Amino acid sequence: MIRSKSFQSRLADGIIWAVVLLMTAACLFPMLNMIAISFSDKSAAAGNMVGLIPVQFNLDSYRMLIEDHQFWRSFLISVLRVVLGTALNLILVVLMAYPLSKSSREFRGRNFYMNFLIFMMLFSGGMVPLFMVVNKLHLIDTIWSLVLPGAVPVFNVILLMNFFKSVPASLEEAARIDGCSKLGILFRIFLPISLPSLATIALFSIVGHWNDYFSGLIYMNKAANYPLQTYIQQLNVDITKVTDASQLQNLAAVSNKTLNAAKIVVSTIPLLVIYPFLQKYFVTGMVIGSVKE
Amino acid sequence: MRKSVAYVLVGIMGMSMLLTGCSGQKEAEKSVEHEKTEAETTPYGKYEETVVYTVGKNTPGSPRFPEGDDYENNAYTRYMLEELNIQNKNEFEAATGDAYNQKVSMAIATGKIPDVMMVDRTTLKQLVDNDMIADLTESYEQCASDRIKEMYDSYGGRALDMATFDGKLMALPSTACDNVPTFLWIRQDWIDEVGMDAPATLDDLEKILTAFRDKDPGNNGAGKTIPLAISRSIGGSYGALFQADNIMAIFGSYPRQWLKDESGNVFYGSTSDETKEALGFLADWYKKKLIDPQIAVRDDIESTIVNGQCGAFFGPWWAPDYPLNDARKVDEKADWRPYIISGKGDGAITAYTQNPASEYYVVRKEFEHPEILPKIASLLCDKLVYEDYNYEPIVAYNKANVDSGVKPVGILVNYSTATSDMYERIQKAIDGKLDPEELNIDDYSQYLKCSDYLKHPDEPSPDEWSGYMSRMVGAKLMYETEVTGVDPVYFGQTRSMKLKWANLNKLEDEAFIKIVTGEEPVDYFDTFVSTWKSTGGDSIVAEVEEEIAQQ
Amino acid sequence: MKKKRMAGQAGYHAMLMPGMIFLIIFNVVPMFGILMAFEDYLPAKGIFHSAWVGLENFKYMLEIPDSMIILRNTLIIAIGKIVLGTIVPICFALLLNEIRNKLMKKGIQTVVYLPHFLSWAVLAAIVVNIFDYNGPINSLIQSMGHDPILFLGSNTWFRKILIGTDVWKEFGYGSIVYLAALTGIDPGLHEAAAIDGANRFQRLRHITLPGIMPIIMLMVAMNLGNILNAGFDQVFNLYNPIVYETGDIIDTYVYRVGLLGQQYSFATAIGLLKSIVGCTLLLSANGFAKKFANMQIF
C-alpha cells in the first residue's frame, strides 16, 4: 500500500478519524449509560444521576435477575427460535435465490416466480387474517408460530439472488461440463464463494428473530411462552392504567430502572457473543479469489 | 405452464379454508332439553363431573405466585374446584391493558372466544351485535346468591342496566364502589419545612406549591422539584391517581363526562366553558412551573413521588398503598397527608359519579354452562368473603402478598358504599365495639396494621403507615366529606363513536395537554370545540340524546 | 437437447417449491383477508359472509381529517429516514474504509453495529433516558446556558428525534452493505490508479463510487418502496398524545384505531391502500434503476 505523506493527506486522515470516532462515541455512550445504570443504586438511577460510571456500584439487580425464572425461560425460547428460524430462513433463501438468479431464458418460470415474490413482499392480508391461519394450523403458543410465518424473508432472497447473479457464468459452465447437478452446482460452487453474503443474511435473520417482540405478543397466548423481547417490551406496560384499588394494593415498587437495565444488558449478550464470528465474513473480499473473467 | 398456474390457484382456494370458521360443521343443536341439575340452578351447588371452562385471563403486573402455582393451578382455582368442581383452562393470558385488549380483539376477529372473559363496554356491544355471547338473565336469577343481588341492587339498578340489552342480561359487571372524593395528597413535612399552614382553598395550595418550587424543601436541586404532578390526560378518569378533577370541579368542569345542562340538553363535559376556564387556570400554574414541566411525556409519575421529587398530587384514599408505600420505603420521613381542597375552603365539594360497572364478564354463546359465571361471582365475592374468609390457602396467599388478580375470573362485586363501610368496621374494632375476629380477612389484616400503627405512631413501618393512612385517615376523610354528586347521564358507546370516538378522544387529549403546557393559548379551546363538533362530536351528541330518550 | 432443458426446468421448480409452500400458506391465504376492506366485517359471519359495503371504508378514510395528517407524517418521517439513512452510512463506510489500523477499525465496527441489534422495545428506554428533561442531553444544553427542551413532547422536535435516532441506530449496520461492496472492488484498480498518480479524492470518484454505485442504487430503490413504512416499532414505543399531530403514522394509527378498536374493516382498507401505493412506488423505482443504472432489483 502506498502512503502519501503530504500535509493535505494527513489533515484528511485527521478529519476522518475525528468524524469516525465521534460517530462511534455517539453509539457507545447510551449503551455504556445503560450498563452503568444496571450496576448502580436504585435511587441514584431513578434520579437520573448515573453517567458512564455506576453510582454506588452493586450487583443487586443482577442478583434479582438470576432468580427471575421467566426471564431465563424467555431467554431460552428466544435462543431456540433464533436457531430454528435462522436455519429455516437460510435453507429456503438459498434454494430460492439460486433458480431466480438465472435469466428467464435459462429458467422460463423465473419471471412468474419473481413477480410472485415481489407481490408477496408488497402485499399482505394484514395481521388479523394471518393470525387466523396460524390459529387454524394450531401453531398458537408454539415456537413454530414465531418461525414459520416468516420462513421466507423475500428481501433476503432478492439480496442473495443479486449476489448469485454476479457469480461468473464461466464457473457454472465449467462445473456443468464436469457433470455437476443443479444442487451440486449450488452447494459446491455458489455457496462457498457466497459465504460472506450468507453471513450477512444469517445476521439479518438472527437479529430479526432475536429482536421481534411483536409476533410473540400476537401469537403467544401465555406470558410464559413469550420470547425475550416480548418479555422486555411488557416491562413497559403502563401501570397507571390500573385503577382498581384491590389490584393496586399489592403492587410492589414498579419503576425498577436498574433491574430493567440489567435485563436489557443481558438480552444483548448473545448477539455480542456471535457477532465477531459473523464479522469475519464481511472483511474478506467477496469476489476476490474466484475466477476472473 | 398455464396448467401449473391453474393447479396453484386450486390449491390456494383449497387452503383458503384455513381462513373460514368451520362454518359447515355447526354444532348439532341439542334438541333434547335435559333436566337441569341442582348445580345448574343454585349458587353453590357442586357439579358432579368437573366442568372445564376456558378463560381469557388478564394478568396483573407481578402475580408473585408461590413456587409451582400458576394461573390454572393456584389457591383460587383449587378452591373453586373443591367448592363447585370447576376448572379453568386459559385460552390466553396477557397483561391488563393493550396486550390483553389485543388478545380479545384477535379472538373476536377469528370468531372464537373463550368460554368466559372480561371485556370493556365497547367490546361488549360488539359481542352482542355479533350474537357471540350468552343471555345470562335466567342464570343470574337462579345462580347468583342473595347477597350478590343485594350488592348489585345497592347501585339502584344502574350497574346491571349497563349490561342489559333488549331486556336481556348479557354480562355481569364488576361493580365500582364509590371512590370519590379524591384528595390532595401532599408532603406535610415539606409544608412544615416552608412554614405554612395546611391548604383548604386553591389560593392556599398555590402559595404552598410556590414555596415548594422556590424553597426546594426536598433538596432536589434548583428547578428539579415537581410541586404538583398531574397525569398527561389532565382529568376525567374517575377515582384515579394524578387527575386534576378536584381543581376542575371547583370551576364546575367535569371533563370526559356526558352531562345534562339545566334545560335538559346533553353535553360533553370536555367541551364546556367551565372546562376552558379550568384549563386556563392549570395553564397558568404550568407557566408558573407549579405543575410538572414534563407532564406531556411523563410515563412514570410514581417514580418522581418515590424518589422525593414530587410534592403533591391528587389521588384516592388508597394512594398510601400505591404508590406512597414505596415512597415510605425509600424515605420514611416522607409524610404524605390527604386534604380536601374546596372552592370556599369549607370542605364542601362536588364530584362526578362514575360508571357503576367498570368491566364486564361474558360467557360464550354456545357454552353449556352459562350459569358458571353467576356461580363464580357468588363464590368469590360472597361466600369466600363472608363465610370462608378463614380458608387457609387463600389466607396464606394474602400473607405472601400474592396478587388477587390471579383469580381465574377477576369479577369484583361489592356494595356501593364498600369503602366507608370498611372504615366504619375497622374503627369499631379499634374502639373495641366490635370483636376483631369477626372482621373478614381483608379488614382484619388492615385492622392489624392500623392497631400496630397506633402502638408506635412515631415510627411505623411502611406497611403499617400505608394501612393506617389509607383506612383510618383517607377512608375517614372520604366518609366525612360532604360531596355533591354530579351524575353523568351516559356511559355507553353510540354507533358513530365506534369509528369516530378514538379520533375525538385524540383531539381532546391533544387540546388539553397543549393548552395546559401553553403550546396553544387558552382560546385554542374554542378551535378545539368547533373541530370536535364538526368532526363527529355534534352527531354523537345527537345519538347520545337519542339513546337516553330510548332508555 | 430440448428434453435436457426441460429436466433442468423441473430442478429449478423443485428448488423453489419449499419456499413457495410457505409463502402460499402464510402470505397468499391471508390475502383473502383483504376482502374485509370492502365489507362491514362481522366476526360471527366471517370473511366470506359479511355484508359487502363496496368502497364505504375508503370513503370514510377520505372524510376524516386524520388521513391527511397521518399521510403527511408518514411521508416526512420516511423520506427523512431514507435520505439521511442512505447518505450517512455511505459516508461512514467511505470514511471507515480509509482507516488502515485494522484493530481500531474492527473495534469501531463492533461498536457502531451495536445499536442495530437492539429492538425498539429496548431502545425506546434508552432514547427516553437520553432525551429526558433531566437527562444527559438536556444537562449539556443547560450547561451551555439554554433552557432544557422537552424533546419527546414537542411537535417541533419529535420527528427530528425519530429520524435522528433511527439514523443513529442504523447507520453502522447500513454501512455493512457498502463496506462489503467496497471490499469487492478489485484492489488492483486502486493500485493501478495510485501508480498513475490519482489522489485519494480522484480514486474515490472514479473507482470507489462507481464500484459501489450498483448497491447504492439497489438500496435506494428498495427503500423507496418503503416510503410508507415510517417505522412502527420506533414510533409505537416513543409517541404520546401531544405528538400524535407530528408523530402518528399509518401503521400506528391502524394498530390503535383499527385493531385495538376492533375496526377490522377500516384497518384493512387503510393497509390495502398503503400496499398499493408502496407497490407502485417500488415498481417505478425498479424501472428507474433499470433505465439509469442499467440494473434492476428483480
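Structure values in brief
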{"item": "Meets criteria (within 11 Å of another protein chain (Cβ to nearest Cβ), among the charged types (D, E, K, R), in a helix (DSSP H, G or I) and crowded, with 19+ Cβ neighbours inside 10 Å) for B:Lys103", "result": "yes"}
{"item": "Residue among B:Asp129, B:Asp146, B:Asp115, B:Asp120 that is away from chain A (no Cβ under 14 Å), acidic (Asp, Glu) and in contact with a strand residue (DSSP E or B) (Cβ under 7 Å, 6 or more places away or on another chain)", "result": "B:Asp115"}
{"item": "Meets criteria (under 21 Å from A:Gln233 (Cβ atoms), out of contact with any His (no Cβ under 7 Å at 6 or more places or on another chain), within 14 Å of another protein chain (Cβ to nearest Cβ) and not in a strand (DSSP E or B)) for B:Gly56", "result": "no"}
{"item": "Residue check for B:Thr531: surrounded by fewer than 20 Cβ atoms within 10 Å (Cβ to Cβ), out of contact with any His (no Cβ under 8 Å at 6 or more places or on another chain), farther than 30 Å from B:Val330 by Cβ and within 14 Å of another protein chain (Cβ to nearest Cβ)", "result": "yes"}
{"item": "Hey, B:Ala283 farther than 25 Å from C:Phe131 by Cβ, among the aliphatic types (A, V, I, L, M), touching a helix residue (DSSP H, G or I) at 6+ places or on another chain (Cβ under 6 Å) and assigned to a helix (DSSP H, G or I) or not", "result": "no"}
{"item": "Restricting region B:242-259 to residues that are touching an Asp or Glu at 6+ places or on another chain (Cβ under 7 Å) and surrounded by fewer than 23 Cβ atoms within 10 Å (Cβ to Cβ), the residue that is nearest to the other protein chains (Cβ to nearest Cβ)", "result": "B:Phe251"}
{"item": "From the options C:Pro30, C:Pro18, residue that is of a type outside the set (Asp, Glu), in contact with a Pro (Cβ under 9 Å, 6 or more places away or on another chain) and modelled with pLDDT of 90 or more", "result": "C:Pro30"}
{"item": "Answer residue from region A:4-14, given it is at the interface with another protein chain (Cβ under 9 Å from one of its Cβ atoms) and not hydroxyl-bearing (Ser, Thr, Tyr) and is farthest from C:Thr165 (Cα to Cα) among those", "result": "A:Gln8"}
{"item": "Residue tally, condition in a helix (DSSP H, G or I), touching a residue at least 12 places away in the same chain (Cβ under 8 Å) and over 21 Å from the mean Cα position of the chain (by Cα), over region B:380-397", "result": "8"}
{"item": "Residues satisfying the stated conditions in region A:102-149, i.e. hydroxyl-bearing (Ser, Thr, Tyr) and either more than 8 Å from chain C (Cβ to nearest Cβ) or under 29 Å from A:Leu80 (Cα atoms) (or both)", "result": "A:Ser103, A:Ser104, A:Ser124, A:Thr142, A:Ser145"}
{"item": "Count of region B:188-206 residues which are exposed (fewer than 15 other Cβ atoms within 10 Å of the Cβ), over 19 Å from B:Val473 (Cβ atoms) and under 33 Å from the mean Cα position of the chain (by Cα)", "result": "1"}
{"item": "Within region B:415-460, tally of residues that are small (Gly, Ala, Ser) and touching a Pro at 6+ places or on another chain (Cβ under 6 Å)", "result": "1"}
{"item": "Every residue from region B:221-241 that is modelled with pLDDT of 90 or more and surrounded by fewer than 22 Cβ atoms within 10 Å (Cβ to Cβ)", "result": "B:Ser231"}
{"item": "Cross-chain or 6+ apart pairs with Cβ under 6 Å, region C:154-178 first and in the same structural domain as C:His116 (by TED's automatic domain parsing), then of a type in the set (Asp, Glu) and in a helix (DSSP H, G or I)", "result": "C:Asn155/C:Glu245"}
{"item": "Answer residue from region C:118-135, given it is facing chain A (nearest Cβ under 7 Å) and at pLDDT 80 or above and is farthest from the chain's Cα centre (by Cα) among those", "result": "C:Ile130"}
{"item": "All helices (runs of 4 or more DSSP H) inside region A:48-137 with 1 or more residues being assigned by TED's automatic domain parsing to the domain that holds A:Ala151 and within 21 Å of A:Phe204 (Cα to Cα)", "result": "A:69-100, A:110-122"}
{"item": "Some residue of region C:53-70 being more than 10 Å from chain A (Cβ to nearest Cβ), in a helix (DSSP H, G or I) and small (Gly, Ala, Ser)", "result": "yes"}
{"item": "Scan of region A:186-205 for residues that are over 24 Å from C:Val177 (Cβ atoms) and buried (at least 19 other Cβ atoms within 10 Å of the Cβ), ordered by number", "result": "none"}
{"item": "Residue within region B:473-496 that is within 28 Å of B:Ala296 (Cα to Cα) and basic (Lys, Arg) present", "result": "no"}
{"item": "Enumeration of residues in region C:100-150 that are in a loop (DSSP other than H, G, I, E, B) and either outside the structural domain of C:Leu162 (by TED's automatic domain parsing) or aliphatic (A, V, I, L, M) (or both)", "result": "C:Leu118, C:Met144, C:Ile149, C:Leu150"}
{"item": "Helices (runs of 4 or more DSSP H) contained entirely in region C:157-241, each with at least 1 residues that are β-branched (Val, Ile, Thr) and surrounded by fewer than 19 Cβ atoms within 10 Å (Cβ to Cβ)", "result": "C:158-183, C:187-195, C:209-224"}
{"item": "Candidate set: region C:240-264, residues that are at pLDDT 80 or above and touching a Leu at 6+ places or on another chain (Cβ under 8 Å); chosen: the one nearest to the other protein chains (Cβ to nearest Cβ)", "result": "C:Gln263"}
{"item": "Which numbered condition A:Asn89 misses (of (1) more than 30 Å from C:Leu259 (Cα to Cα); (2) buried (at least 20 other Cβ atoms within 10 Å of the Cβ))", "result": "(1)"}
{"item": "Any hit, region B:49-59, residues being modelled with pLDDT under 90 and crowded, with 19+ Cβ neighbours inside 10 Å", "result": "yes"}
{"item": "Whichever residue in region B:474-521 is in contact with a Pro (Cβ under 6 Å, 6 or more places away or on another chain) and more than 10 Å from every other protein chain (Cβ to nearest Cβ) and, among such residues, is surrounded by the most Cβ atoms within 10 Å (Cβ to Cβ)", "result": "B:Gly474"}
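Residue-by-condition table, conditions (1) more than 14 Å from chain C (Cβ to nearest Cβ); (2) under 23 Å from C:Leu123 (Cβ atoms); (3) touching a residue at least 40 places away in the same chain (Cβ under 8 Å); (4) touching a strand residue (DSSP E or B) at 6+ places or on another chain (Cβ under 7 Å):
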| site | (1), (2), (3), (4) |
| --- | --- |
| A:Ala25 | no, yes, no, no |
| A:Asn33 | no, yes, no, no |
| A:Asn58 | yes, no, no, no |
| A:Val79 | yes, yes, yes, no |
| A:Val83 | yes, no, no, no |
| A:Leu90 | no, no, yes, no |
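Rundown of residues vs (1) more than 20 Å from B:Trp501 (Cβ to Cβ); (2) free of Cβ contacts under 8 Å to residues at least 40 places away in the same chain, yes/no style:
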| residue | (1), (2) |
| --- | --- |
| C:Ile34 | yes, no |
| C:Phe48 | yes, yes |
| C:Ala51 | yes, yes |
| C:Tyr60 | no, no |
| C:Ser67 | no, yes |
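The values are calculated or read from the model by the stated rules, or taken from the named source; none is laboratory data. In this text the structure is predicted, and so the values were computed from the model without any measurement. All Cβ positions, even for glycine, are placed from backbone atoms using ideal geometry, and neighbour counts span all protein chains on display.
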